Every structure is written in C-alpha cells, then in structure tokens.
Ligand code: PEP
Ligand code: MG
C-alpha cells in the first residue's frame with residue numbers, strides 16, 4: 001500500500017499522476033549594510049513597477065477566466081504593493097539603515113505577516129497569505145529570478161506545494177495539473193475557492209506533504225475525501241485510474257450537452273437554470289450550460305459585513321451578473337433575511353419562532369429605505385441585461401400589491417431622473433408558503449411568474465423545521481402532500497398563462513425530475529453542478545410517460561412509495 005495522508009477536502013475529483021514539487025525557495029536573502037541609498041531605492045522602484053505590471057496582467061487573466069470576484073484578489077495585491085505600510089516602510093528602512101532592498105523587504109514583510117497572523121478574525125489572517133504572495137513576487141523581481149516554475153509543467157502532474165498563492169492558482173492549466181495538494185491552507189482559502197471554480201481536485205492543509213514527496217513520484221488524490229496516496233501500489237493505482245477515467249468520461253459525456261436544448265424525446269422544452277449567491281458563481285452556471293439564473297440569493301451581498309451594501313455596490317453586482325449572462329434571464333430575489341439567515345446590523349428582534357416570524361418580504365415592506373435601495377439598484381441594472389425581480393416568502397395578494405407598488409414608485413423616480421431601466425421587467429414571487437400554493441390561481445393574476453421554493457414549502461407543509469435533526473424524517477420533499485401542492489401551483493399559474501419554475505433543492509434531484517416534468521414545471525433552477533445531469537435525464541424522457549407517472553404518484557400515500565415508484569421507473 002502507498003503512504004496515505006489526509007488533509008482538508010478543498011475541491012472534488014479523483015486524479016493520479018507523477019508529482020511536480022513546486023519549489024518556493026527563492027535565493028537566500030543576504031543582509032548588506034552601507035549600500036548607496038539612491039541606486040538601491042531605484043532598484044526597489046523598478047521591481048515595484050515590474051511586480052505591479054505582472055499583477056495587472058494576472059488580474060486580467062482572472063477576470064476572463066473566473067470573473068471579477070476572483071480578479072479582486074489581484075486588486076488587493078496591487079493595493080498592498082502601493083500601501084505606505086508596505087512599500088513606504090521598505091523605502092524608509094533602506095534610507096534609514098542603508099541596507100539592501102531585499103533585506104528591507106524581508107524585514108517589513110515578516111513584521112506585517114506576523115501582525116496579521118495574530119488577528120482573531122479569519123478574514124484578516126487570510127491577508128497574511130496575500131502579503132506573503134506579494135512579497136515573494138517583489139523579491140523575485142529584485143533577485144531577477146522567475147518566481148515560480150509552473151511554466152515548466154509540460155505533462156500531466158499532481159502539483160505539490162507548501163502553499164499555493166492565488167497568483168499561482170490562476171496560472172494553472174487544468175489540462176496538465178490534474179490536482180494540487182498543499183501543506184497549508186483551508187477550505188475557504190482563495191486557492192481552494194479557485195480550485196473549485198476551475199474544476200481542479202485539491203487537498204490542502206496536509207501538514208508536511210512537500211517533505212514526503214519526491215518529484216516524479218506517483219501520487220493519487222481523492223479531493224472529496226481529502227485523501228492523498230503517495231506511491232500507490234498496483235491495486236490502488238488501478239482503482240484510482242479507473243475512477244479518474246470514469247469521472248473524465250462522465251464529464252465529457254455531460255459537457256457534450258452544454259449547448260444542447262433541454263428537451264424531451266417528444267419535444268417538450270424546459271429551461272434549466274442555476275442558483276447563485278454572488279456574481280462569481282455565474283462562471284460555473286455558464287460552464288455547465290445554464291440557460292439562465294433562476295435564483296440570485298441577493299442576501300449574500302448583505303452578509304459578513306458591518307452595514308448594508310450601498311445602491312452603487314448592489315447595482316455593480318446585479319449589472320455584472322446581467323452582463324455576464326449575456327441576455328439570458330436572471331431572477332434577482334429581493335432580500336430574504338430572517339429565519340436561519342442572520343444579518344446582525346439589521347437588528348432584527350429575537351423571536352420564539354423565527355421561521356414564522358419577521359422575515360424576507362415582511363421585513364422589506366416594513367423597512368422602506370432598505371427595500372427601495374435594493375429595488376433602485378436592480379431596476380438600474382436591468383438596463384444591462386435581462387433581469388427579473390422576485391419577492392420571497394409571499395403569503396397574501398396584499399403583499400404582492402404592496403411590493404409591486406414600491407417597484408412602480410421607484411420606476412417613476414428613475415423615469416423622472418432620466419435613468420434608463422427595463423420598463424417591462426418581469427415580476428414574480430416565490431411560492432414557499434402553503435397559503436400561497438393553495439391560492440396560486442389567485443396570486444397568478446398579479447405576477448408574471450412563480451418559482452417554487454421547496455426548501456421552505458416542505459418545512460411549512462410538513463410543519464417540520466428544516467434545521468431540526470430530530471424530526472428530519474418528516475422533512476419529505478416527495479411526500480404526496482407536497483407534490484399535490486406543487487400541482488396546484490403549476491395548474492393555477494398555467495390557467496392564467498403564467499410560467500412556473502422551481503429553485504428549491506428538489507429541482508436538481510434526478511429522481512424527482514420525471515415527476516416535476518410530468519406535473520408541467522417550466523423551469524428548473526439548481527446548483528450549477530447538477531444542470532448537465534438533469535439535462536441528460538430530461539433528454540431521455542417522454543412527456544406523455546412523465547405525465548402518467550406524475551398522475552400515479554399523486555395517488556400514493558407516502559414518500560416511501562413515491563420514492564420506490566420513481567426509482568424503479570425506467
Ligand atoms: C427555498 O425555500 O426553496 C429557497 C430556494 O429559498 P432558500 O433556500 O434561500 O430559503
Ligand atoms: Mg426559502
């Protein structure tokens with residue numbers, strides 16, 4: 001058996017290839033005193049300019065490959081380069097102590113890194129990695145060496161490194177770097193996030209993997225399990241190779257469907273869209289052939305910060321998504337706060353039953369400025385693509401009318417100011433409360449579309465808190481009661497010529513797809529990674545058969561029987 005190492009599972013996938021060990025050791029930095037100050041400062045300035053140029057081109061690459069969210073890292077690096085605490089401090093030390101630039105850089109970087117590493121806040125600790133990355137780049141420029149030898153990779157490898165800086169990760173060629181494994185790093189470090197976006201399997205935080213691997217040694221990686229096997233025996237090699245080949249084959253088969261229509265054998269066409277939380281998620285939706293964004297959970301823009309995002313910030317985010325989707329529809333759900341989603345600065349009251357309390361549209365209708373700011377940002381961004389507005393947690397017709405009145409008021413303001421927006425922007429609601437499902441035919445008259453939020457609809461229908469482990473056996477998305485409600489929603493909307501989507505997790509469940517299709521669902525929105533699997537399933541179905549199946553399962557009396565039926569159904 002090979003030697004096994006377990007680390008943090010950072011990015012899924014299986015790979016097996018010879019090791020390429022990335023050397024991080026720049027030449028040793030020597031201390032020279034009494035150097036002439038002028039020329040030394042000049043050397044530093046030249047190196048700073050060169051490093052900045054490199055970062056600008058990395059930012060460009062990241063923007064094209066992964067989107068503005070990731071490119072942002074390199075903007076942060078440029079800011080470090082230009083920060084008086086960094087470049088200024090290095091200059092100060094050269095002038096004050098007449099030391100060489102490399103030594104001054106090393107000293108300043110060490111101090112700053114130690115300062116950030118001590119901080120309580122995880123986000124600030126991550127900044128230490130950024131300072132290290134920037135310092136190494138600058139040092140390489142001063143020493144006239146090329147910082148990394150990633151360019152030397154010419155054949156398939158597993159990359160082994162102490163740590164991978166974001167600037168290394170963005171340069172990886174996914175066709176050659178089959179996986180990467182590192183000594184340090186966490187699941188939320190930039191390089192782990194990028195690995196997931198690039199689809200490269202990765203295990204990080206392995207401790208001492210670089211010390212235990214020689215260049216060229218065979219390495220097997222299971223990204224989902226966080227497992228690395230060095231020198232796998234023939235049996236392990238065969239197992240990893242066949243799993244990697246199986247994954248590659250399945251990936252290729254699914255990717256071939258990227259631009260194919262989501263259409264049944266007998267011609268029923270539906271739309272398959274992706275759920276996103278930030279603009280960065282758009283890349284994965286497009287890479288997986290998403291035909292739109294069926295749910296942009298805008299609350300993510302409000303999280304992990306001290307105060308609400310400004311209109312400009314929100315406008316930039318919605319516009320970026322609209323533009324990158326290139327005319328494909330994007331449903332922006334207005335702020336869905338409350339329940340399990342806490343945003344401390346909004347000061348929402350502690351409640352005995354938060355899921356039945358002051359949340360989502362209930363908060364927005366109450367907090368005029370918060371809601372108006374968001375509506376203004378969405379409407380302004382609607383000029384740059386095809387945006388739709390969706391209100392969460394609607395229980396009554398009155399709420400829809402009030403929310404629409406707000407939209408109309410904001411539109412009037414924008415019109416008066418001559419600000420362009422899409423006059424015909426579609427407005428829809430989430431159906432996630434049984435009251436709305438039962439009255440769907442009445443609500444349908446008020447809106448352009450529905451999207452069924454099964455995550456909440458199941459919890460309210462079954463009176464089963466979606467977070468409560470003890471009663472999780474009652475959380476049954478395929479219970480006939482839930483399916484009957486879904487049917488009421490779809491029928492109620494269709495009666496008024498409106499379309500119905502679904503953005504709860506059920507939409508991406510392969511076993512549920514034939515039933516939902518048979519019930520007449522028009523759009524399915526899910527996490528990007530499920531889109532192609534669902535498309536493959538739909539392209540193998542017939543609408544008439546799916547309708548028969550749907551009618552049958554509605555007559556069963558338990559989720560267990562529904563599951564049995566759908567799993568044995570061809
Ligand atoms: C849902 O309730 O199904 C839904 C999509 O919304 P969230 O999971 O964000 O509550
Ligand atoms: Mg919900």
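Throughout, read-outs are computed from the coordinates displayed, never taken from laboratory work. Please read all numbers here as calculations on a predicted model, not as lab measurements. Neighbour counts are summed over all protein chains in view; Cβ atoms, including those assigned to glycine, are modelled from backbone coordinates with ideal geometry.
If one computes P(r) from the Cα atoms of the stretch 1-94, what percent of pairs lie at distances over 21 Å? Each step should come with its number before you reach the end.
Working: 2609 of 4371 pairs.
In whole percent, the share of Cα-Cα pairs in the stretch 1-94 beyond 21 Å is 60.
Using a ≥ b ≥ c from the Cα gyration tensor of the stretch 224-283 (square roots of the eigenvalues), is it rounded, prolate or oblate, where a/c under 1.5 gives rounded and otherwise the larger of a/b and b/c decides, a/b for prolate? Walk me through the numbers on the way to the answer.
On the way: a/c = 4.37, a/b = 1.84, b/c = 2.38.
Because a/c hits 1.5 or more and a/b fails to exceed b/c, the stretch 224-283 counts as oblate.
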Rounded if a/c under 1.5, otherwise prolate or oblate - the stretch 164-218, Cα gyration tensor axes
oblate
Could you run the Debye sum over the Cα atoms of the stretch 419-497, one equal point scatterer each and no solvent, and tell me log10 of I(q)/I(0) at q = 0.25 Å⁻¹, two decimals?
-1.08
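Could you work out the helix-only [θ] at 222 nm for the chain, with each DSSP H run of four or more residues adding -39,500 (n - 2.57) and the total divided by the number of residues, to the nearest 500 deg cm²/dmol? Don't jump to the answer; show the numbers that get you there.
Details: 21 runs with 259 residues, N = 570.
After summing the helix terms and dividing by the residues of the chain, the value is -14000 deg cm²/dmol.
In percent, what relative contact order does the chain have, based on Cα pairs under 8 Å that are 6 or more apart in sequence? Please list the in-between numbers first.
Details: 1098 pairs, mean separation 77.9, N = 570.
The value is 14 percent.
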Would you give the gap between the C-alpha center of the stretch 491-567 and the C-alpha center of the stretch 293-337, rounded to a whole Å?
28
Listed peptides 456-464, 59-67 by packing density, highest first (mean Cβ within 10 Å):
456-464, 59-67
The correct pair for the stretch 331-426, radius of gyration to one decimal and Dmax as a whole number, both in Å and from Cα atoms, is 14.2, 46
Quick one: if the Förster radius is 60 Å, what FRET efficiency do residue 542 and residue 415 give, using the C-beta to C-beta distance and rounding to 0.05?
0.80
Where does each of 437-446, 220-229 land if you order them by average Cβ count within 10 Å, highest first?
220-229, 437-446
For the stretch 256-569, alpha-carbon Rg over 2.2 N^0.38 Å
0.97
At q = 0.16 Å⁻¹, what base-10 log of I(q)/I(0) does the Debye formula yield for the stretch 215-337 when every alpha carbon is treated as an equal point scatterer in vacuo?
-0.88
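Return an integer: the convex hull volume of the alpha-carbon atoms of the stretch 261-394, in Å³ per residue. List each step's numbers first, then the result.
Details: hull volume 16.3 nm³, N = 134.
Per-residue hull volume (Cα only) is 122 Å³.
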What is the angle, in °, between the Cα long axis of helix 122-143 and the longest principal axis of the Cα atoms in the chain? Nearest 10 is fine, range 0 to 90.
40
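How much of the calculated P(r) for the stretch 37-143 lies past 21 Å, in percent of all Cα pairs?
36
For the chain, go through all pairs of different Cα atoms, get the mean of 1/r, take its inverse, and jot down that Kirkwood value in Å.
Values: mean 1/r = 0.0378 Å⁻¹.
By the Kirkwood definition, the hydrodynamic radius is 26.5 Å.
Is the shape of the stretch 481-570 rounded, prolate or oblate, going by the alpha carbon gyration tensor and its root eigenvalues a ≥ b ≥ c, with a/c under 1.5 for rounded and a/b larger than b/c for prolate?
Working: a/c = 1.44, a/b = 1.01, b/c = 1.42.
Verdict is rounded for the stretch 481-570.
Quick one: plug the Kirkwood hydrodynamic radius of the stretch 178-265 (C-alpha pairs) into Stokes-Einstein at 25 °C, 0.890 mPa s, and report D in µm²/s. Don't skip to the answer; put the middle values down first.
On the way: Rh = 14.9 Å.
Translational D for this selection: 165 µm²/s.
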Helix axis angle, 368-381 relative to the chain longest principal axis, alpha carbon, degrees
80
Could you give me the percent of Cα pairs per 5 Å distance bin for the stretch 311-362, shortest bin first, beginning at zero and ending with the bin that holds the maximum distance?
4, 17, 21, 15, 14, 13, 11, 5, 1
Which angle from 0 to 90°, rounded to the nearest 10, does the C-alpha axis of helix 101-117 make with the longest principal axis of the chain?
40
